[in-house]
Ligand code: ADP
Ligand code: LRH
């Protein structure tokens, strides 16, 4: 059979979706079976993911496709996990990475262990919510096993207990060179090795849909295949590129960097706070987290969610490079009143405060474009690579203003799309495991040949951006 249908379960920080795709040597036809909001819930002062609500939506989404599925793959945002007791029961709702429980924990561990050791072992950007710091803040006394979100859902579906490697690479507990759990790092936070599951690679079949989940969604017996279960790893796998490219996986976060064969673990990279996350086929995602469209999402929430395309059109007409923020300032990480924080940040740095919603949005777009440029240049410099074209994938690729500004700021052509790169990366890894496509290059070629993409040429005037970068510094 030359075509098969696969399902991608893709849980982003702002929304989840179940997509199905018909895949053949020249076919990649992606359809949405179900989309649902992913709304964190605060209870007793702790911000949680509603993981059972998400799981229920996933099963509903799979049920919405009554036809045969060759396999199902699951990806989600990184770092967060569920703990199971010795009977396999979930010990409470997973805590959201934006929860405040890790305040001060990273600083303490860094002081105790030393940045050098932490970075040499894990190669990870120092972010306060990395799993390693969450674990140091957690109560593990009744925990028998720890599963990252996609592995948790796969466990409920199949009964199998695994840790998919690309997502495991975001925990801060994996050795960046060997790709194995690091005894040194586990000891450091007092995590018993038995808490973590055996590692699997994208493309390995985890198990089959068991009776409970299978009867609920109508796909009993269907294989569940490990994909690049870190959503960013799936997105990068589906970047429709060949040659020397940089990528921006742009949704709630902008993940900005380059693809490498080997990690970069030196001092300069550590000081620049770049991450070496695991990609497909042993590649390294050398990137930095830029705060991303979270700034816009939280502003929209504060404003009661007005019409986004209309607001972006107004922002496009507002004066550019007038008010700027450093989007990566930790003050922007927690949920809360974003427009006020942006205004205060501008004031502190000597920029005019945005006076209208459109000006606030323009400030966010200019600031993100500038951060995209700075990060990409730094990634290329530190890894000794050259970038000739920027690929921007994810929901942000629908934002024409951001794409245009990013192309201008970088002074490089930018290819926008696909919007659903993550789901495409998810199904393509399954399709490869089930014999439909070949190499990573072939997977990317199939995306380029079948998905709508849009190219932005940079304007000649990069001097304005150099000057803006200088002013922000
Ligand atoms: P995540 O996977 O992190 O939840 P997505 O990749 O789904 O994020 O991207 C969501 C973002 O896409 C939204 O926050 C929004 O800024 C952007 N987006 C969605 N639809 C549009 C649109 N029609 N125009 C511009 N931007 C959009
Ligand atoms: C994007 C993402 C990112 C992580 C963050 C927690 O969805 O997975 O790569 O750093 O969420």
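Screening residue 416 on (1) buried (at least 23 other Cβ atoms within 10 Å of the Cβ); (2) closer than 16 Å to residue 372 by Cβ; (3) in contact (Cβ under 8 Å) with a residue 60 or more places away in the chain shows it passes everything except condition (3).
Per-residue answers, yes or no, for (1) at pLDDT 95 or above; (2) within 29 Å of residue 195 (Cα to Cα):
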residue: 1; (1), (2): no, no
residue: 7; (1), (2): yes, no
residue: 13; (1), (2): yes, yes
residue: 56; (1), (2): yes, yes
residue: 60; (1), (2): yes, no
residue: 66; (1), (2): no, no
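Of the residues making up segment 181-192, those that are free of Cβ contacts under 8 Å to residues at least 60 places away in the same chain and assigned to a helix (DSSP H, G or I) are 183, 186, 187. Total residues in segment 1-47 satisfying the condition of being more than 16 Å from ligand 1 (Cβ to nearest atom), part of a loop (DSSP other than H, G, I, E, B) and in contact (Cβ under 8 Å) with a residue 24 or more places away in the chain: the figure is 4.
Residues checked against (1) under 30 Å from residue 22 (Cα atoms); (2) more than 20 Å from the chain's Cα centre (by Cα); (3) surrounded by fewer than 19 Cβ atoms within 10 Å (Cβ to Cβ); (4) away from ligand 2 (no atom under 16 Å from the Cβ):
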{"position": "383", "(1), (2), (3), (4)": "no, yes, no, yes"}
{"position": "402", "(1), (2), (3), (4)": "no, no, no, yes"}
{"position": "412", "(1), (2), (3), (4)": "no, yes, no, yes"}
{"position": "425", "(1), (2), (3), (4)": "yes, no, no, no"}
{"position": "438", "(1), (2), (3), (4)": "yes, yes, yes, yes"}
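Filtering segment 48-73 to residues that are within 16 Å of ligand 2 (Cβ to nearest atom) and part of a loop (DSSP other than H, G, I, E, B) leaves only 49. Of note, residue 215 satisfies the criterion of being closer than 30 Å to residue 69 by Cα, surrounded by fewer than 24 Cβ atoms within 10 Å (Cβ to Cβ) and more than 12 Å from ligand 2 (Cβ to nearest atom). In segment 74-100, the qualifying residues are those that are within 16 Å of ligand 2 (Cβ to nearest atom) and part of a strand (DSSP E or B), and the one that is surrounded by the most Cβ atoms within 10 Å (Cβ to Cβ) is 75. Of all the criteria given as (1) over 17 Å from residue 457 (Cα atoms); (2) away from ligand 1 (no atom under 14 Å from the Cβ); (3) under 20 Å from the mean Cα position of the chain (by Cα); (4) buried (at least 24 other Cβ atoms within 10 Å of the Cβ), the one not satisfied by residue 363 is (3). Is there a residue being touching a residue at least 40 places away in the same chain (Cβ under 8 Å), surrounded by fewer than 19 Cβ atoms within 10 Å (Cβ to Cβ), closer than 19 Å to residue 157 by Cα and more than 16 Å from ligand 1 (Cβ to nearest atom) anywhere in segment 102-123? Taking every residue of segment 102-123 in turn, none turns out to be touching a residue at least 40 places away in the same chain (Cβ under 8 Å), surrounded by fewer than 19 Cβ atoms within 10 Å (Cβ to Cβ), closer than 19 Å to residue 157 by Cα and more than 16 Å from ligand 1 (Cβ to nearest atom). Determine if segment 258-280 includes at least one residue that is within 14 Å of ligand 2 (Cβ to nearest atom), touching a residue at least 24 places away in the same chain (Cβ under 8 Å), in a loop (DSSP other than H, G, I, E, B) and out of contact with any strand residue (DSSP E or B) (no Cβ under 7 Å at 6 or more places or on another chain). No - not one qualifying residue is present in segment 258-280. Across segment 229-257, the number of residues qualifying as touching a helix residue (DSSP H, G or I) at 6+ places or on another chain (Cβ under 8 Å), surrounded by fewer than 22 Cβ atoms within 10 Å (Cβ to Cβ) and assigned to a strand (DSSP E or B) comes to 0.
Can you give me the number of residues within segment 281-306 that are assigned to a loop (DSSP other than H, G, I, E, B), touching a strand residue (DSSP E or B) at 6+ places or on another chain (Cβ under 9 Å) and closer than 30 Å to residue 361 by Cβ? Total satisfying the criteria: 3. In the set 154, 226, only one residue is in contact with a strand residue (DSSP E or B) (Cβ under 9 Å, 6 or more places away or on another chain) and either under 14 Å from residue 278 (Cβ atoms) or surrounded by fewer than 22 Cβ atoms within 10 Å (Cβ to Cβ) (or both); that residue is 226.
Counting only helices (runs of 4 or more DSSP H) that sit wholly inside segment 118-180, those with at least 2 residues that are modelled with pLDDT of 95 or more and out of contact with any helix residue (DSSP H, G or I) (no Cβ under 7 Å at 6 or more places or on another chain) are 149-158, 165-168.
Here residue 81 passes the criteria (1) farther than 18 Å from residue 156 by Cβ; (2) in contact with a strand residue (DSSP E or B) (Cβ under 6 Å, 6 or more places away or on another chain); (3) more than 16 Å from ligand 1 (Cβ to nearest atom) except the one numbered (1).
The values are calculated or read from the model by the stated rules, or taken from the named source; none is laboratory data. Note that the structure is predicted; figures quoted are calculated from it, not measured. Here Cβ is always computed from backbone atoms with ideal geometry, including for glycine, and neighbour counts include all displayed protein chains.
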